[in-house]
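As structure tokens, the structure follows; a few thoughts come after it.
The values are calculated or read from the model by the stated rules, or taken from the named source; none is laboratory data. Keep in mind it's a predicted model, so treat the numbers as computed, not measured. Note that we place each Cβ from the backbone using ideal geometry, even for glycine, and neighbour counts take in every protein chain shown. The protein model used for the area step is the full one, side chains on, heavy atoms only, and it has no ligands, DNA or RNA in it. Shrake-Rupley method; radii C 1.70, N 1.55, O 1.52, S 1.80 Å.
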Amino acid sequence: MPVFVRRNGEMVDRATGAPMLTDDDRAKPIAVPFIMSDIPEYRSPIDGRIIGSRTQRRDDLKRNGCVEYEPSISPTRGKIRNKDFAAKRGLKVSEEFL
């Protein structure tokens, strides 16, 4: 596996001196890792434990037989159809359920 170093303002292969990027590669966006920040601490609504990381959140969901909310798994796909529920919370019933 090549190791790249910076020489004269350019990244090159340490052993061969070949440039890391060719002219074709320079036109493409550079791939960089995506780092997601951790979640703020909260109390689990299921069992009251303190959740302070994504790992703890996954464990909490698994331990309590829950899944992450995803509108596509809902039969109404996140749309509101119950008039009483909507009125109590100041929401609108979705057009297709009127």
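A compact table of results
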| read-out | value |
| --- | --- |
| All positions within the range 66-91 that are assigned to a loop (DSSP other than H, G, I, E, B), loosely packed, with under 10 Cβ neighbours inside 10 Å and within 21 Å of the chain's Cα centre (by Cα) | Val67, Glu68, Tyr69, Glu70 |
| Residues being open to solvent by 50 Å² or more (accessible area, probe 1.4 Å) and either modelled with pLDDT of 95 or more or out of contact with any strand residue (DSSP E or B) (no Cβ under 6 Å at 6 or more places or on another chain) (or both) - total across the range 52-65 | 9 |
| Residue in the range 26-51 that is modelled with the highest pLDDT, counting only those that are open to solvent by less than 100 Å² (accessible area, probe 1.4 Å) and more than 20 Å from the chain's Cα centre (by Cα) | Ile50 |
| Subset of the range 56-65 [in a loop (DSSP other than H, G, I, E, B) and not polar (S, T, N, Q)] | Gly65 |
| Residue check, Asp23 modelled with pLDDT under 85, exposed (fewer than 12 other Cβ atoms within 10 Å of the Cβ) and more than 31 Å from the chain's Cα centre (by Cα) | yes |
